[in-house]
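Only one structure is covered here, and it is reproduced in the block below.
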Amino acid sequence: MTLSHEKHQGSGRAWIMLLLAGAFEIGYALSVGGSQAFTVPSWSIAALIFFLLTLYFLSAALRTIDVGIGYAAWAGIGSVGAAAFGSILLDQPLTLVQAFWLGVIIAGVVWLKLADSAKLRGQG
């Protein structure tokens, strides 16, 4: 196995960790909303658990992915997911214009991932 192949595999795992961190961030955001300023114990405990999980997976991903890129992708995943699931689960309004701009964020996250690939950086 070559060094670039190992680095590519490590990068793939890091992006999976980042996706998990984003998913836990969505859970955290929704739990904080449900906790009503941390006055509902069950939602507050869920928020704490999601918070710890998102921090763990984000920190694991950032061992491989540059901090600026990783943080931008994580924030994008969390914000789009919280808006989408908030609309579905919490009956929060989501306009067509808002959905369009959330789509732009998704496209940005995808392009950040593609820009992290070895071939696009000229290392493949």
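The values are calculated or read from the model by the stated rules, or taken from the named source; none is laboratory data. Since the structure is predicted, the reported quantities are computational estimates derived from the model, not experimental observations. Here the Cβ is made from the backbone with ideal geometry for all residues, glycine too, and neighbour counts use every protein chain on show. These area figures cover heavy atoms from the full protein model, side chains too; ligands, DNA and RNA do not enter into them. Shrake-Rupley method; radii C 1.70, N 1.55, O 1.52, S 1.80 Å.
Listed values, structure above:
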| quantity | calculated |
| --- | --- |
| Condition met for TRP15 (of a type outside the set (A, V, I, L, M), in contact (Cβ under 8 Å) with a residue 60 or more places away in the chain and buried (at least 16 other Cβ atoms within 10 Å of the Cβ)) | yes |
| Matching entry among SER42, SER59 (being without any contact (Cβ under 8 Å) to a residue 24 or more places away in the chain and closer than 22 Å to ALA115 by Cα) | SER59 |
| Helices (runs of 4 or more DSSP H) completely within region 34-124 that count 1 or more residues being charged (D, E, K, R) and open to solvent by 50 Å² or more (accessible area, probe 1.4 Å) | 96-115 |
| Search result, residues across region 25-84 that are of a type in the set (Gly, Ala, Ser) and under 17 Å from LEU102 (Cα atoms) | ALA29, ALA72, ALA73, ALA75, GLY76, GLY78, SER79, GLY81, ALA82, ALA83, ALA84 |
